[in-house]
Amino acid sequence: MRRKYFGWEQVFEFIWRHCDREGLWDSDAETVAAKFNVTKDAAYDALSELCDRDLIQRVGERGYIVVNWRERDDRDEEDSA
């Protein structure tokens, strides 16, 4: 199995693409670990770095929110360009 490159940029892109219309991502380090084939500790470290960079914030026990979320319509237009 080919290992995907793993860094905070890739984790942020993954969260951005899999959050809901309000920017909420209802998941945790276990999801990131499974997606990128890394340890749960490495996934947690990447999520912590995203929080430190003020790109996401923790919401409750399991979940994060994208801090500077644009409306979904704006994001869809950029993806199609």
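The values are calculated or read from the model by the stated rules, or taken from the named source; none is laboratory data. The structure presented is a predicted model; accordingly, all values stated were derived computationally and were not measured. Here Cβ is always computed from backbone atoms with ideal geometry, including for glycine, and neighbour counts include all displayed protein chains.
Of all residues in segment 3-29, which are in a loop (DSSP other than H, G, I, E, B) and out of contact with any strand residue (DSSP E or B) (no Cβ under 9 Å at 6 or more places or on another chain)?
Arg3, Lys4, Tyr5, Phe6, Gly7, Asp20, Arg21
Right, Asp41: modelled with pLDDT of 85 or more, loosely packed, with under 12 Cβ neighbours inside 10 Å and part of a helix (DSSP H, G or I) or not?
yes
Report yes if some residue within segment 19-26 is without any contact (Cβ under 8 Å) to a residue 60 or more places away in the chain and in contact with a Cys (Cβ under 8 Å, 6 or more places away or on another chain); otherwise report no.
Yes, segment 19-26 contains a residue that is without any contact (Cβ under 8 Å) to a residue 60 or more places away in the chain and in contact with a Cys (Cβ under 8 Å, 6 or more places away or on another chain).
Among the residues of segment 19-38, write down those that are crowded, with 18+ Cβ neighbours inside 10 Å and closer than 19 Å to Asn68 by Cβ.
Cys19, Gly23, Trp25
When you check Trp16 against the structure, is it under 22 Å from Arg70 (Cβ atoms), touching a residue at least 24 places away in the same chain (Cβ under 8 Å) and in contact with a Cys (Cβ under 8 Å, 6 or more places away or on another chain), yes or no? Give the steps one after another, and end with the answer.
Numbers: under 22 Å from Arg70 (Cβ atoms): yes; touching a residue at least 24 places away in the same chain (Cβ under 8 Å): yes; in contact with a Cys (Cβ under 8 Å, 6 or more places away or on another chain): no.
So Trp16 fails the test.
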